[in-house]
Amino acid sequence: MGLTKYNLKPLILWILLLLVVIWSTFPVCYAVISSFKMPKDIYRYPPTFIPRIFTFKNFVDLFNNWTVFPQAMFNSLVISLGSIVLTVIISMFAAFSFSRFSSRFLKGSAFFIIAIRMFPPIIISIPLYPILSRLNLADSHLVLIVLYTVFQVTVMTWIFKVFFDNIPKEIEEAAVIDGCSPFESFYKIIIPLARPSIVTVSLLVGIYAWNEYMFAFLFVSTNAKTTPLLISEMMGSLTGIAWGQVFAANFIQMVPVLIFVLLVQRFLVKGVMTGAFKG
Amino acid sequence: MNSIKRKSLGHYLVIPLLLLLIVVILIPEIWSFALSLTRYVPGGNIEYRGLLNYKNIFLDYSFWNAVKNNIIFVIVVVSLQLLLALGFALLLATGFKGQKIWVSCVILPYALSPVVTVTIWKYMLNYDIGIINFILDKIGFEPIPWLSNSLWAFIAVIIVYTWKQVPFTFIIVYPARLSISKELYEAAAIDGANEWQRFRFITLPILKPTILVAMTFRLILAFRAFAEIWLLTGGGPLKSTEVLAIYMYKEGFRYWHWGISAAVGVLILLLTMMMSYPQMRIMYRQMFQNE
Amino acid sequence: MLKKTINFSVICFILILVFVFAAQLSFAQEKINVMAARAHKDVVVGSGGAGINLMPDLIKQEGIDVEWQTLPWEKMQEIIYREASLKQSNISVMYILDSWASPQMIKLFSPLNEYIEKNPIENFDLIAKGMRESMTINGKIYAIPVRANASLMFYNEKILKDHGFEKAPQNFEEVISIAKAVSGRQEDGKMVYGIRFEVPTELINWARAWGGDTITSDFEIKLNEKPMIKTLQLARELYEAGAIPRDFMNLTADEYLTLMLNGQLAMTIRSANYYYTLTDPEKSNVAEDIKFIPTPASKTVDFDVAPVQTNFWAMAIPKASKDKENAWKFIKYLSSDKAALTMALNGNGPTKLTVLEDEQYMKETPYAVEAKKVLNVGRPLWPAFAELPKVMDIFKEEVVMSIVGKKTPQEAMDDAAERIKPLLPKN
């Protein structure tokens, strides 16, 4: 009797696992497959999972009808990379300070950056709008790069700081004894050692910026239009059969990120482990 | 001499961060306080109005509707997230072949844009051709009017948001669960504890701080939810899914009542600050653990 | 290896900065950006109808190229207003709907009188006078009408015949009874609905069939009077009978179009310009079955054709535009006789009288005669005023509540009237 119970358990666990995996991945798989269906089939009832005809038509139509799509992808890329670079630089510097020094000023700053992170992003949209307009910064790549950086920087500073805390001070002190200036010790020693956390931070910020919708929706219209914004505009296309193209656009926007995340998921999980908590 | 130089360096390194936050968040927010006391339509003049905007907001039943929706949404969504994330974490911690693949699968929704998420779910939840109603029909249930009925739209929004956010919570809880050493469980098993007891007396107490931290983070983020809800229902049939962020957007960018919108923003800020106090304390202590 | 990575990253970083700079410069200069709905672009590039593409000619003749920024219909007003209120914008031309042209909004656009003097539009006086005048304040004209939407009732002949209706509906009461009779799940599993029911648009159209309205152009409130109440009662009946989708309050114009193209919608009141889309075998599953009539009025009134929604779109230059000269070239080109005719052949509803008198157009456009009839009778859904967005939202809320049964129609409309009153302009 005890033996049968023992044999059932793995089976139950695998079934549960299957359910969890279906829950997490089914919608994505469905969308991926639908992008290869004929547009009319997407609207068929009863719905089919596997396309009766496998076609690239949606992708072709997408590029024919939405000529701004490549530009949107380019914008997203530029903005994501810009956000990553800006965030990494600013938060790494700050984290170094928080890790290696202490003073009332630094304590106050820490409190400030934590408190200010509690500000919901949307509430600055109203005041920022006329300010950006007056500075002629509306609808520029810079706007999104700065905004994305601002809302990621507190957490990233924290992740870096925890990581730096784990690098013993002795290493720098040895370097200083050997004649390095504090700046050099930072540049030559800390940064190379911090590589894993740089990767983690880059991933987190990059994914956020690549996928972000709200700020793109509010502050950008044409010049710096990102892919998520374009796709949301595609959902209301007047010919009505554009759903196939929407799925094709979804595919192109999400698949690179998905594959990337699958490959580097250990950085995400590990990186968070070193930070212990994440928001 | 060296240590003073080092200290200034420390201060300099923090200044870019501070500048960024002050210029982009603090100053606009102060301007927003000012705006909330005026009547301002873009292209027009700014008139001072005192607290009249706030009074009008408190008299507006749509505002209280948004508050109610927001609170219910937050409570349900965060509870669900914690339950599911904990469940997934415990399940995966038992160890499977090809572990890395399964973990990647669970994390998958995290890598999607809210736009993509909503597109997919809108398609699946479609009353006529959606696959979910199709399956329900096959099992013998009535198809559900997901996005056209007040109650079901709210449920739909909860499902979609939870689906997308569980990976975040999972990423926090799972490593914490992994860090509990096997020996503890083995020792307990030898002492005669069964599965449930091991969970109650080992897993739960050790994970409690992590869960609490995850909960406070998730609460604050759920409170500001905008993108997923806006894209899925736009505030929902009859404002049933209209949360505060959407209410603020509409007042500002659809009706062009910028003074009122700014005032709503101030109210959202106050509510958020009240809710964030525990999280702020935790993060602050974490950052200065070594002091 | 490490050093190489760092060097590589630094080089990438610099390249990115260069790219960003270049992107800013290049995308800003070359083309003019035109913000419009998809249908506006379609008639210029010839996606339907006669299929003539005007772009090459435009580029050749005026030396400008165009990047179309097409927006979803429902979000257009917000986005356009937002963009037009900026101090500087990358958009050179915007298509605006007549109902949006409140005195407050129109001020965000540049008066065009100077451009007309220096670089006149061919046969400017032959652009529909009424439309021009509604875009003119104090002698200054702010937008040039380019697209008229006269609405016809399109119906799927096959669906009607399958249920025993040999003739098109003769009055609106028949419309309702046909809608009830034909809707339901067919044997092949498909859901068919009787009639398009987008709120709040269709409520207003139906009320007009009974001589009713929401607000008159003098801002009198009429929505709590008999015709609208009757409409709501009928709508409720149809909803209970399943003749309109349960999703109705969420479905966009676009989604109803898809239903029609799929053979799942029996009747729809729609801009005549959709004729080509509905009868194009590549886009429509039911291309041969679509026929049209002017929307019939109720038996109980003394006019035959319901004065349903007739709107027009006009092209305007936002004050914030950085490239007004080229913007005007675009507007001038599309307002020329030839371009207006070509767009009409591509499926556009013309605003220029020269088109309506053109033989080729009348010959090739099956709906030209009907559309002309309706153009005289119809009027916009709403008058233009500042608080229109909020009023529309309030009306929609109350309408939906009365249809799903949360309030009676009279209650809902009385509440709506009360909430709307303070938002109307004081005279």
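The values are calculated or read from the model by the stated rules, or taken from the named source; none is laboratory data. Keep in mind the model is a prediction, meaning the values are calculated, not measured. Cβ atoms come from the backbone with ideal geometry, glycine included; neighbour counts cover every protein chain shown.
Modelled with pLDDT under 90, facing chain A (nearest Cβ under 9 Å) and in contact with a helix residue (DSSP H, G or I) (Cβ under 6 Å, 6 or more places away or on another chain): which single residue out of B:17, B:9 fits that description? Explain how you work it out, then say what you get.
Values: B:17 fails: modelled with pLDDT under 90.
Within the list B:17, B:9, the selection yields B:9.
Identify the single condition in (1) at pLDDT below 85; (2) assigned to a loop (DSSP other than H, G, I, E, B); (3) hydrophobic (A, V, I, L, M, F, W, C) that residue C:64 does not satisfy, given that it satisfies every other one.
(1)
Give the residue that is surrounded by the fewest Cβ atoms within 10 Å (Cβ to Cβ), with candidates limited to residues of the range C:256-275 that are more than 11 Å from residue C:193 (Cα to Cα) and more than 11 Å from chain A (Cβ to nearest Cβ).
Among residues in the range C:256-275 that are more than 11 Å from residue C:193 (Cα to Cα) and more than 11 Å from chain A (Cβ to nearest Cβ), the one surrounded by the fewest Cβ atoms within 10 Å (Cβ to Cβ) is C:269.
May I ask you to say which residue of B:262, B:214, B:227 is crowded, with 21+ Cβ neighbours inside 10 Å and at pLDDT below 90? Break it down stepwise before answering.
Details: B:262 fails: at pLDDT below 90; B:227 fails: at pLDDT below 90.
Of B:262, B:214, B:227, the one residue that is crowded, with 21+ Cβ neighbours inside 10 Å and at pLDDT below 90 is B:214.
What's the total number of residues in the range B:34-55 that are within 14 Å of chain C (Cβ to nearest Cβ) and not hydrophobic (A, V, I, L, M, F, W, C)?
Residues flagged as within 14 Å of chain C (Cβ to nearest Cβ) and not hydrophobic (A, V, I, L, M, F, W, C) within the range B:34-55 amount to 6.
Considering the range C:78-112 alone, what residues qualify as being part of a helix (DSSP H, G or I) and touching a strand residue (DSSP E or B) at 6+ places or on another chain (Cβ under 6 Å)? I'd like the intermediate steps shown before the answer.
Start the filter on the range C:78-112 by keeping residues that are part of a helix (DSSP H, G or I), which leaves C:78-84, C:98-100, C:103-106.
Result: C:79, C:80, C:83, C:84, C:98.
Taking the range A:174-221 on its own, how many of its residues are hydroxyl-bearing (Ser, Thr, Tyr) and farther than 30 Å from residue B:109 by Cβ?
Result for the range A:174-221: 3.
Picking from A:93, A:63, which residue would you name as being touching a Phe, Trp or Tyr at 6+ places or on another chain (Cβ under 7 Å) and without any contact (Cβ under 8 Å) to a residue 12 or more places away in the chain?
Numbers: A:93 fails: touching a Phe, Trp or Tyr at 6+ places or on another chain (Cβ under 7 Å).
It is A:63.
When residues of the range C:211-255 are filtered for being farther than 29 Å from residue C:277 by Cα, modelled with pLDDT of 85 or more and among the small types (Gly, Ala, Ser), how many remain?
3
If I filter the range A:101-118 for residues that are aromatic (Phe, Trp, Tyr), buried (at least 22 other Cβ atoms within 10 Å of the Cβ) and more than 30 Å from residue B:258 (Cα to Cα), do I get at least one hit? Quick ask: steps written out before the conclusion?
Within the range A:101-118, the subset aromatic (Phe, Trp, Tyr) is A:101, A:105, A:111-112.
Going one step further and asking which of them are buried (at least 22 other Cβ atoms within 10 Å of the Cβ), we end up with none.
Within the range A:101-118 (the criterion being aromatic (Phe, Trp, Tyr), buried (at least 22 other Cβ atoms within 10 Å of the Cβ) and more than 30 Å from residue B:258 (Cα to Cα)), the answer is no, since none of the residues qualifies.
Within the range A:207-217, does at least one residue satisfy the condition of being at pLDDT below 75 and assigned to a helix (DSSP H, G or I)?
Initially, the range A:207-217 is screened for residues at pLDDT below 75, giving none.
Within the range A:207-217 (the criterion being at pLDDT below 75 and assigned to a helix (DSSP H, G or I)), the answer is no, since none of the residues qualifies.
State which residue is surrounded by the most Cβ atoms within 10 Å (Cβ to Cβ) when the search covers only the range C:369-394 and only residues that are at pLDDT 85 or above and part of a helix (DSSP H, G or I).
This residue is C:391.
Write out, first by first residue and then by second, each pair whose Cβ atoms fall under 9 Å of each other, whose residues are 6+ apart or on separate chains, and whose first residue, in the range A:99-114, is more than 7 Å from chain B (Cβ to nearest Cβ) while the second is among the hydroxyl-bearing types (Ser, Thr, Tyr) and not in a helix (DSSP H, G or I).
none
Within the set of pairs 6 or more residues apart or between chains, which connect a residue that is facing chain A (nearest Cβ under 7 Å) inside the range B:114-132 to a residue that is assigned to a loop (DSSP other than H, G, I, E, B) and modelled with pLDDT of 85 or more with Cβ atoms less than 6 Å apart?
From the range B:114-132, the pairs are B:114/A:213; B:115/A:213.
Each row is one residue, and each column tells you yes or no for (1) more than 11 Å from chain B (Cβ to nearest Cβ); (2) touching a Gly at 6+ places or on another chain (Cβ under 9 Å); (3) closer than 21 Å to residue B:282 by Cβ; (4) modelled with pLDDT under 80.
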site	(1), (2), (3), (4)
A:116	no, no, yes, no
A:136	yes, no, no, yes
A:154	no, yes, yes, no
A:171	yes, no, no, yes
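Can you pull out the residues in the range C:54-113 that are under 16 Å from the mean Cα position of the chain (by Cα) and either more than 8 Å from chain A (Cβ to nearest Cβ) or under 15 Å from residue C:141 (Cα atoms) (or both)?
C:76, C:77, C:78, C:80, C:94, C:95, C:96, C:97, C:98, C:99, C:100, C:101, listed by residue number.
Please indicate, with yes or no, whether at least one residue in the range C:317-331 is under 24 Å from residue C:38 (Cβ atoms), assigned to a loop (DSSP other than H, G, I, E, B) and not assigned by TED's automatic domain parsing to the domain that holds residue C:127.
First, pick out the residues of the range C:317-331 that are under 24 Å from residue C:38 (Cβ atoms): C:317-318, C:320-321, C:323, C:326-331.
Next cut, assigned to a loop (DSSP other than H, G, I, E, B) only: C:317, C:320, C:323.
In the following step, the residues that additionally are not assigned by TED's automatic domain parsing to the domain that holds residue C:127 were identified as none.
Checking the range C:317-331: not a single residue is under 24 Å from residue C:38 (Cβ atoms), assigned to a loop (DSSP other than H, G, I, E, B) and not assigned by TED's automatic domain parsing to the domain that holds residue C:127.
Among all residue pairs at least 6 apart or on different chains, which show Cβ distances below 8 Å where the first residue, located in the range C:126-137, is farther than 19 Å from residue C:355 by Cα and assigned by TED's automatic domain parsing to the domain that holds residue C:96 and the second is in a helix (DSSP H, G or I) and modelled with pLDDT under 85?
Hits for this filter: C:137/C:103.
Is one or more of the residues making up the range A:125-132 crowded, with 23+ Cβ neighbours inside 10 Å, farther than 21 Å from residue B:252 by Cα and touching a Ser or Thr at 6+ places or on another chain (Cβ under 9 Å)?
No, every residue in the range A:125-132 fails to be crowded, with 23+ Cβ neighbours inside 10 Å, farther than 21 Å from residue B:252 by Cα and touching a Ser or Thr at 6+ places or on another chain (Cβ under 9 Å).
Which numbered condition trips up residue B:145, out of (1) within 13 Å of chain A (Cβ to nearest Cβ); (2) assigned to a loop (DSSP other than H, G, I, E, B)?
The number of the failed condition is (1).
Taking the range C:358-412 only, how many residues are of a type in the set (Lys, Arg) and over 29 Å from residue B:149 (Cβ atoms)? So that I can check it myself, show each step before the final result.
Of the residues in the range C:358-412, the ones of a type in the set (Lys, Arg) are C:363, C:372-373, C:379, C:390, C:396, C:406-407.
Restricting the remaining residues to those that are over 29 Å from residue B:149 (Cβ atoms) gives C:363, C:372-373, C:379.
Going through the range C:358-412 one residue at a time, the tally reaches 4.
Looking only at the range B:151-158, decide whether some residue is under 27 Å from residue A:27 (Cα atoms), more than 14 Å from chain C (Cβ to nearest Cβ) and crowded, with 17+ Cβ neighbours inside 10 Å.
yes
Can you say whether residue B:30 is surrounded by fewer than 13 Cβ atoms within 10 Å (Cβ to Cβ) and within 30 Å of residue C:104 (Cβ to Cβ), as far as the supplied structure shows? Outline the logic, then answer.
Details: surrounded by fewer than 13 Cβ atoms within 10 Å (Cβ to Cβ): yes; within 30 Å of residue C:104 (Cβ to Cβ): yes.
The answer is yes for residue B:30.
Determine, yes or no, whether residue C:168 is away from every other protein chain (no Cβ under 14 Å) and in contact with a His (Cβ under 8 Å, 6 or more places away or on another chain). Walk me through it before giving the result.
Details: away from every other protein chain (no Cβ under 14 Å): yes; in contact with a His (Cβ under 8 Å, 6 or more places away or on another chain): no.
Answer is no for this residue.
Of all residues in the range C:360-418, which are away from chain B (no Cβ under 14 Å) and under 18 Å from residue C:238 (Cα atoms)?
C:408, C:409, C:410, listed by residue number.
Among the candidates C:302, C:280, single out the residue that is among the charged types (D, E, K, R), assigned to a loop (DSSP other than H, G, I, E, B) and touching a residue at least 40 places away in the same chain (Cβ under 8 Å). Outline the logic, then answer.
On the way: C:302 fails: touching a residue at least 40 places away in the same chain (Cβ under 8 Å).
Among C:302, C:280, only C:280 is among the charged types (D, E, K, R), assigned to a loop (DSSP other than H, G, I, E, B) and touching a residue at least 40 places away in the same chain (Cβ under 8 Å).
Which residues, counting only those in the range B:111-143, are crowded, with 21+ Cβ neighbours inside 10 Å and of a type in the set (Phe, Trp, Tyr)?
Selection gives B:121, B:123, B:127.
If you check B:238, B:204, which single one turns out to be away from chain A (no Cβ under 11 Å), modelled with pLDDT under 90, closer than 29 Å to residue B:147 by Cα and part of a helix (DSSP H, G or I)? Working first, answer last.
On the way: B:204 fails: closer than 29 Å to residue B:147 by Cα.
Within the list B:238, B:204, the selection yields B:238.
Exactly one condition in (1) buried (at least 17 other Cβ atoms within 10 Å of the Cβ); (2) out of contact with any strand residue (DSSP E or B) (no Cβ under 6 Å at 6 or more places or on another chain); (3) within 27 Å of residue C:305 (Cβ to Cβ) is not met by residue C:366; state its number.
With (1) buried (at least 17 other Cβ atoms within 10 Å of the Cβ); (2) out of contact with any strand residue (DSSP E or B) (no Cβ under 6 Å at 6 or more places or on another chain); (3) within 27 Å of residue C:305 (Cβ to Cβ) applied to residue C:366, the lone miss is (1).
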